[in-house]
Amino acid sequence: MEAKEVKKNIIRLANTEQSFRRKIFKTGYTCTEADIEILRKLDKESTDYMVKVVADFGLPTIPLVGEKASLFAWLLVQHSADLEFQKKYLDLMKKAKPKEVSPKNIAYLEDRILMYAGKPQIYGTQVVRNKSSGEWEPYILTSREKVNGLRKSVGLDTLEDYIKSFE
């Protein structure tokens, strides 16, 4: 596997899945069963490719594939249904040298994994709709008092500004 090929394929897969997700979000975050099936298929294809990339090529870091493809690689993993692969990818990201991966992406993936495991998140990157009010709110946090400091440490906006972006 060559970096140029990996970069091209990651960007292609991410553009395809993002285009479909944008279409769904335009309709107010509502999905039909057919939409969900398409998303599952896209995410499975992306996950299978990313598993192969990591096994054959390694972590697609910024120096190897560029900032855009490295971001898109993380995005494909973020949307994966394979929790064990997400954990493996997060471990690789955490072991990367500074500036090889985005600290923001590490925070998002770590929170996603914690949420999937039913545990409180650290950075408040995962949001859910409040069943009573219908408003967006962070999934359970380890510390509401420390969250904005933790977010700042990885280059994220305040939790309050982030929540507003969903409205």
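The values are calculated or read from the model by the stated rules, or taken from the named source; none is laboratory data. None of these values were measured; they are calculated from a predicted model. Calculation scope for accessible area: heavy atoms of the full protein, side chains included, ligands and nucleic acids excluded. Shrake-Rupley method; radii C 1.70, N 1.55, O 1.52, S 1.80 Å.
General observations
- Sequence-separation-based contact order of the chain, relative, with Cα cut under 8 Å and 6+ spacing, percent: 16
- Residue with peak Gaussian network fluctuation, the chain [Cα springs, cutoff 10 Å], from PRO98, PRO60, PRO138: PRO98
- Linear extension gain, MET1 paired with ARG21, 0.36 nm per residue minus alpha-carbon span: 4.4 nm
- Here the Karplus curve 6.51 cos²θ - 1.76 cosθ + 1.60, taken at θ = phi - 60°, turns the phi angles of the stretch 146-155 into couplings of 9, 4, 5, x, 5, 4, 4, 5, 10, x Hz, with x standing for Gly and Pro.
- For VAL127, the residues whose modelled amide H falls within less than 5 Å of its own, excluding neighbours fewer than 5 places apart on the same chain, are TYR139.
- Among GLN78, GLN121, GLN18, residue whose mean-square fluctuation peaks in a GNM of the chain (springs only between Cα atoms under 10 Å): GLN18
- Whole-Hz couplings from phi, Karplus 6.51/-1.76/1.60, listed for the stretch 99-112; x for Gly and Pro: 6, 7, 9, 7, x, 4, 5, 4, 4, 4, 5, 4, 5, 4
- When ILE38, ILE10 are compared by accessible area of protein heavy atoms, the largest-first order is ILE38, ILE10, using a 1.4 Å probe.
- Expected 222 nm ellipticity per residue - DSSP helices of 4 or more, -39500 (n - 2.57), all of the chain, to 500: -19500 deg cm²/dmol
- Added length on full extension, which subtracts the Cα-Cα distance from 0.36 nm per residue, THR158 to GLU135: 6.5 nm
- By accessible area with a 1.4 Å probe, ligands and nucleic acids excluded, highest first: order of ARG151, ARG144, ARG21: ARG144, ARG21, ARG151
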